[in-house]
């Protein structure tokens, strides 16, 4: 209901009538304009109607309404009443709402004030008005039907008064500027909150020394009373006061949580300067300048630079490379840093700089020197390509080289000889001896004048030496011809000495002299072969530089002579070195000579992303029952005809020869044979003796008849090679069945078959287009094949329902926790974990599907695909390689960090829940999992597994040998019929469940819950700890595995305990997938799972250090080293020491007639047999060391290899 102030006379139709409405909208008073019932702009109404000036100013806005400030409300009412009375009849209608009519102005209430106080909920300053009072702006306040105005409020005051909460930097501005201003103006806006500029923390640097700093820490306020201000970092609220500072828990350093005097030493100083100083520098006083001057932490990017320099020793040039670390403006020689790395500290100090060891290790790839200079060949400098064996560098600083140019031959020869001397390059000149002898003599004279104690030996035939002697007899100090007239060689003899080849052979005293220069005349004719006596003597001479005269350069194309001369001249880089060391006056123009670019040829593997096939994958399908399903196209596998580039290599010639001979031997049968042992890495017919071949063909015939006699693995492999080459098979299906059966029969005796056969069977099915579902074969057998190369390939073929049947062997490929090495798993609980971990993953998958519409492998799906190119039957002698190539596109789940982290948490929590029900001491740490997902897993275990877990009987193994005896008896009867008169052979069952042992026995499971697992992993962790970290472990062991923080701090003063624990757990998570030490309340505790192992290794805490580093390897690693061949050792060194090792690996493969994939597999096979796991990731190219073995393998390479 409104009060209308209308004209005395109104038109019957109001459609053209202007109206002004003064009404309430929410908490505001507004004036709006209408024409009829349609809103119009205020400015339009003002232009159509004659209005008082004061009212016209209010209606200038180009809007349909305007907000009216309460301080103008009374006057506005008067203007509107006057407008109604004075406007022409029927032109305007004024409507004032009843609420506005009732609103009255009054004086400011005496008790009125606006209170500003701290809001703990909003973490800011909140405005508090009296009950039902509303702030309307411009100093106006409203209470029910009354309002009042506070005079003296400007626009800035109004802006602050409108804020209900004050956050961020405005808090300080409000307390320090606005509140004092209001107080000065006696405005009723008050607050008890104060600001104090003194910080919560006060740090005084009392004393700074080279190796330590002394600090006085003072906390002014108890940390429990402090409230953080999220919008204002670095400030806190406590007891009505806002002050700057930092909370103790934000530092994360135990030593700084209490007030006191502290002395920091060594690493603790560096950690303080790097991690804590930036947070507390503004609260620190005292000798800060000395602290910053004497303890700087170099955190900039580190570069490893090889600075190449030319030096001279006795006048002969020498090229060395000096490794340096460059940190922006700081340059430090590697030799000054590397010796200090052995103490295993996190930082090392050079002068006043603390350098993080981690930064150095990231770039330091050299394992063959201690940071001292590296001998560099001139060819490496000229080509600007340092050998990878000498290290990898971020940058190489090369010196300038001035090649010996000239206009005429004599001048160029002289400059070339000086060039050789300057850089210490072995070489010489091809030209006529007359000219060469003159230039050589002049060069020798010049050299002796500058180096009076120099010794130069010139070797040549008598007539050649005479030619030189005639040109400078006064220069020659002695000539030796191998006769009795030869002078006695004195120890102090210097200068130019001449000798014939005969004298070299006869006079041993010449070999005992250290010569600065040895010059050989007519070098390509004086020594023809490395079998000569002269060759053997000259290669043993100690010489600074060898140069010579050559009658021609033909020796470069004659391999034997080339090798002989290169050995005598001590040429290391072959023809690249001769390119710069040898000047041929007949072939090379001296004018505008340029350094040619040399392109090195290297063996390259076509399948850059290829997956070497050789992992162990057991299978137990029944071939005759396999359904013919899944088309190859459905599996996204492409089979293409393509030459790999290796067809002409010796290895493939060997494989092709095997195929040809296999076809010729396909139907050969031996009448009888005796067993002859046979062991070969890649066996073929050529590897066998005559008797071995006879045994093989006789054994093969028995296999074809269904009788599987015991024999050596090499014989079995040859038979398998025949099958993959389609030799001895009637059709592809027949070959598949035979291949699968031979694997099933012999796999238990020869575990190495599991390393290869599953993938070979997969290759066989795809290459030969067999209508067999190999995906199901892979699923059925993955549990026995932990090193299967293609885990990512299988994931899309598991439905949501099938996840509960996924093998833990496959799951282990997608987690960062070594499940199979867990003490709990390797005890008597393997069966439980194998059953319930997949079920837990399935349950979580269903939960996520319901919640998000996507399962685990959809939510954590990598965004990129990976293309895999695979050469079939890698690791086998396959004569058709190069004809086919397999290409598949997979989603790289196993390389996706978020998926691995999530699945690791699910697996760990599932194992922890089962541990809890089994009352097994110790829980896995180091994972986080959403509470809802934890409940899903807990519910599964509690509901379905608790009865089985609590009542499960101890394992009992019963072996019924009656069947075994009968099978052996039957087999013997067959043998007697086939090989009358031969030695007895023990047969291998043709059924998987049959065994060859005939003794009946029963074993009751009496495995202790506390049985120790292999302590090698814990040993490996201890090897990688610093001495401070070992001391911390010792303190915990000495105090019953748990110690109060205060006790530890008192025994390890000046050390940041939390930093040590973080580093210990980083290493343990990397190796065992779990934390070794955890924090509980105010104590540090060793996790229960690893207490017994640590106790058993307690003595080693005193001996596992760098002084005993050579002995600091577990026995299995030492055995691993002894089992490696030379080329396998070279491969490991290349992978560990070279950032891009494929060039070196290809070279090793070329020299040893083996493919890179097969080479990697061979190293992994040795690792599995000795260490129990692979060490090189076969799915990566270039190859990578498996995470968790990098440190120990680097140590092994450094110590032993």
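Each reported figure results from applying straightforward, stated rules to the coordinates on display, with no laboratory input. Nothing here was measured: the structure is a model prediction, and the numbers come from that model. With ideal geometry, Cβ positions are generated from the backbone for all residues, glycine too; neighbour counts draw on all protein chains shown.
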**OP:** Let me know the shape class of segment 1016-1104, please: from the alpha-carbon gyration tensor, a ≥ b ≥ c as square roots of the eigenvalues, rounded when a/c is under 1.5, otherwise prolate if a/b is greater than b/c, or oblate.
**Re:** rounded
**OP:** State, as an integer percentage, the relative contact order of segment 453-528 based on alpha-carbon contacts under 8 Å between residues 6 or more apart.
**Re:** 47
**OP:** Return the FRET efficiency for the residue pair residue 301, residue 400: r is the Cβ-Cβ distance, R0 is 22 Å, and the value is rounded to the nearest 0.05.
**Re:** 0.20
**OP:** With a point put 7 Å past each Cα toward its Cβ, work out how far residue 91 is from residue 826 in nm, to one decimal.
**Re:** 10.3
Subject >> Modelled FRET efficiency - R0 51 Å, residue 265 with residue 186, Cβ distances, 0.05 increments >> reply: 0.30
Subject >> Difference of contour (0.36 nm per residue) and Cα-Cα distance, residue 75 to residue 681 >> reply: 207.3 nm
Original post:
Taking 0.36 nm per residue of separation and subtracting the Cα-Cα distance, what length does fully extending residue 531 through residue 858 add?
Top reply: 110.7 nm
**OP:** Please report the relative contact order for segment 231-311, taking Cα pairs under 8 Å with a sequence separation of at least 6, and give it as a percent rounded to a whole number.
**Re:** 21
Original post:
Between residue 129 and residue 351, 0.36 nm times their residue separation minus their Cα-Cα distance comes to what?
Top reply: 73.6 nm
**OP:** Can you tell me the order of 692-699, 1045-1052 when each peptide is scored by its average per-residue count of other Cβ atoms within 10 angstrom, highest first?
**Re:** 692-699, 1045-1052
**OP:** Based on the mean of other Cβ atoms within 10 Å per residue, sort peptides 25-36, 1028-1039, 543-554 so the most packed one is first.
**Re:** 543-554, 1028-1039, 25-36
Original post:
What percent do you get for the relative contact order of segment 409-584 when only Cα pairs under 8 Å and 6+ apart count?
Top reply: 28
Original post:
Quick one: which of 106-115, 833-842, 682-691, 865-874 comes out on top by average Cβ neighbours within 10 Å, and what's the full order, highest first?
Top reply: 833-842, 865-874, 682-691, 106-115
Original post:
If each of residue 1151 and residue 559 carries a label point 7 Å out from its Cα toward its Cβ, how far apart are those two points in nm?
Top reply: 1.6
Subject >> Proxy reagent accessibility, fewest Cβ within 10 Å first, across 664, 532 >> reply: 664, 532
Original post:
Taking the Cα centre of each part, how many Å lie between segment 525-560 and segment 799-864?
Top reply: 68
